[in-house]
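The values are calculated or read from the model by the stated rules, or taken from the named source; none is laboratory data. Remember, predicted model here, so these are calculated numbers, not experimental data. Side chains are part of the model used for accessible areas, which takes the heavy atoms of the whole protein and leaves out ligands, DNA and RNA. Shrake-Rupley method; radii C 1.70, N 1.55, O 1.52, S 1.80 Å.
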Amino acid sequence: MQHQASTDPSRIDRSSQELAADAIHEAKRLLAAELTLAKRDLRRSAAALSRSAVAFGVAGVAGLAGIDALMVSLAVGQRRNHPARGAVVGLGLLALAAAAALVGRSALPRSPLPIAGRIASDIEDVAQRVVG
């Protein structure tokens, strides 16, 4: 016995409806997964940006304190002939500021929003699968 394909139009329509429903269901799952990945990427980027902001803040405060210490050591050192202590503190604070700035720069995310490109390519993939 051979099985013959049904030529009933309602069977063909139901099959295409099932395919469309499957494509829509798959697109929903893909977009849900992309949203989950996007949220995770945004959390990571936000954490990296906050670490970087803290490091830059420390660099700014240490830099200002270092410049202040150098100025005070120059002003007081002219009267007492001991500017070395204040100058060492000032230079140490400036070194701390430079180190904190380097840490802040390295903590910046390399590509802050790769999410948009990935979502756009996924939308194109889904459109190609649905359209054909």
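Heavy-atom accessible area with a 1.4 Å probe sorts R118, R110, largest first, into R110, R118. Couplings 3J(HN,Hα) of the stretch 60-77, computed from phi: x, 5, 5, x, 5, 5, x, 5, 4, 5, 5, 5, 5, 5, 5, 5, 7, x Hz, in residue order, whole Hz [Karplus 6.51 cos²θ - 1.76 cosθ + 1.60, θ = phi - 60°; x for Gly and Pro].
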